[in-house]
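Taking it in order: structure first as structure tokens, then the write-up.
The values are calculated or read from the model by the stated rules, or taken from the named source; none is laboratory data. Please read all numbers here as calculations on a predicted model, not as lab measurements. Here Cβ is always computed from backbone atoms with ideal geometry, including for glycine, and neighbour counts include all displayed protein chains. Ligands, DNA and RNA are excluded from the accessible area calculation, which covers all protein heavy atoms including side chains. Shrake-Rupley method; radii C 1.70, N 1.55, O 1.52, S 1.80 Å.
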Amino acid sequence: MALFSKDIQTMNDLFVHTLQDVYYAEHQITEALPKMIEKATSPQLRQGFETHLRETEGQIRRLEQVFEMHGEKPKQVTCPAINGIIKEANEIAGDVGDKDVLDAALAAAAQAVEHYEISRYGSLAAWAKELGRHDCAQLLEQTLAEEKATDAKLTEMAEARLNRQAA
Ligand SMILES: [Fe+2]
């Protein structure tokens, strides 16, 4: 998000720019997830990624609805933040040989993605309300709830692994 771009002067500009930013991010995530599914060895983790890939496709459609409701054409702007998170995930996953460690690295990378998305959708939902767009806020909050649920599932999986190790 190029926060200091001259094009962003009003809350509405900021809202639209951030929609474009997360629209780009969701597309990057749909490209990254199949590679993570391929690498994951735990069936549970793999299934979690598959579910989230389908969910992400729905989130893209939902963003398109928000653009439309707000009178804007869906457009992507490069988000260096998500690019960095995905790049780091690929680098780490490429280096890990042990499959349990690899799964832990993949799950942690996925959680970093979720936390990024939770912050973006949280801001977007709040700004939509501020702009009087409760219709947009409602859709954005649906996605926010999905991202939080995915994050919670990833935490559960990480805890299950720790419990297995402790047993
Ligand atoms: Fe998402």
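Of note:
- Here A126 clears all of (1) closer than 16 Å to Q142 by Cα; (2) open to solvent by less than 40 Å² (accessible area, probe 1.4 Å) except the condition numbered (2).
- Here the range 10-43 is the region considered, the condition is being in contact with a helix residue (DSSP H, G or I) (Cβ under 9 Å, 6 or more places away or on another chain) and not in a helix (DSSP H, G or I), and the residue that is surrounded by the fewest Cβ atoms within 10 Å (Cβ to Cβ) is T41.
- Meets criteria (within 16 Å of the ligand (Cβ to nearest atom), among the charged types (D, E, K, R), open to solvent by 30 Å² or more (accessible area, probe 1.4 Å) and in a helix (DSSP H, G or I)) for R54: yes
- Enumeration of residues in the range 120-150 that are of a type outside the set (A, V, I, L, M) and closer than 30 Å to L45 by Cβ: R120, Y121, G122, S123, E141, Q142, T143, E146, E147, K148, T150
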